[in-house]
1. Kindly put M235, M93, M241 in sequence by how many other C-beta atoms sit within 10 Å of each C-beta, fewest to most.
2. Calculate, in whole percent, how much of the Cα-Cα pair population of the range 153-263 lies beyond 22 Å.
3. State whether the range 1-112 is rounded, prolate or oblate according to the following rule on the C-alpha gyration tensor (a ≥ b ≥ c being the square roots of its eigenvalues): a/c under 1.5 gives rounded; otherwise a/b larger than b/c gives prolate, and the remaining case gives oblate.
4. If you take the square roots of the eigenvalues of the alpha-carbon gyration tensor of the range 105-193 and sort them as a ≥ b ≥ c, do you get rounded (a/c under 1.5), prolate (a/b over b/c) or oblate?
5. Quick check on the chain: helices-only [θ] at 222 nm, where DSSP H runs of length 4 and up contribute -39,500 (n - 2.57) each and the sum goes over total residues. Nearest 500, please.
6. Tally Lys and Arg at +1 and Asp and Glu at -1 over the other residues with C-beta under 12 Å from the C-beta of N48: what net charge comes out?
7. Pop a pseudo-label 7 angstrom from the Cα along the beta-carbon direction at both D24 and R57 and give the gap in nm to one decimal.
8. Looking at the chain, what % of its DSSP beta bridges pair antiparallel, to the nearest 5?
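Any read-out appearing in this document is the output of simple, stated calculations on the displayed coordinates, not a laboratory observation. Note that the coordinates shown come from a computational prediction; the quantities given were computed from them, not determined experimentally. As a convention, Cβ positions derive from the backbone with ideal geometry for all residues, glycine included, and neighbour counts pool all protein chains shown.
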Amino acid sequence: MTIADEFRALHERPEPFLLPNPWDAGTARLLAGLGFEALATTSLGVANVVGRTRATRAEILANVREIAEATPLPVSADLENCFADDPAEAAKMVGAAADAGAVGASIEDLTSDPQKPIYELGLAVDRVRAAVETARARSVVLTARCENQWLGVNDLADTIRRLQAYEEAGADVLYAPGLRTLEEIRAVVTSVGKPVNVVMGFADPSITLDQLAGIGVRRVSIGAALSRLALKSFMDGAREMRAGRFGFVADLPPVSEVQQFFG
């Protein structure tokens, strides 16, 4: 069984699998050492590393390669809107991610135009269809994302309509970041036939993995939440240091606890 086969098989078992999002080789190795079965990149995590609000196409692909080479685990690539409006050009990003070692990839219906942030449905479907064609040729699991809810467009009916269209276009996994309640998540899962990814970086944090399993969710990611958590700890410690106190040192893990996963 290839690593691509392993990743696809994770989506086919009855219980959901956890797909955490490292942002460099070190965090990838930590997550692998903690027993996770697959990894996903985070474009916002990459942007955080380079100190900007967005990462470039080249930076995202370099990060995919770094994480794919860091562990033997399957890696799915967060490719944003694939850095192109044109379907054929967008599909090239999926091929580039496969070249970098990814066995999964995502495409969003988010444009780069703040005046019209979501692609018209026909174009969005064409983009998914082109990405699917490339993904199938490269044995990549293709995730199609509807960004309505994340943008604050609280039109669940339109979100579901779009996800159904992306499923019809051949997407392997469906994803609507910004779903917040168990009821919203259930509405999406029961409206489509393909596996659904839920990102818990936006959802009600009281929702448990068992509850997600109970409504048929197949994959659970966290987006840039671990990166943001790390930055919060960094800023808290830096602020304490700036104030002349060093109490945070008492909470540090032993160096050996971290380095045991680095080999």
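1. Arranged by neighbour count, lowest to highest, M235, M93, M241 become M235, M241, M93.
2. Considering the range 153-263, 51 percent of its Cα-Cα pairs are separated by more than 22 Å.
3. It is oblate, given that a/c is not under 1.5 and a/b is not larger than b/c.
4. oblate
5. Here the helix-only value at 222 nm equals -14000 deg cm²/dmol.
6. Residues close to N48 contribute a combined charge of +2.
7. 2.6 nm
8. Once the DSSP bridges in the chain are tallied, antiparallel ones form about 5 percent.
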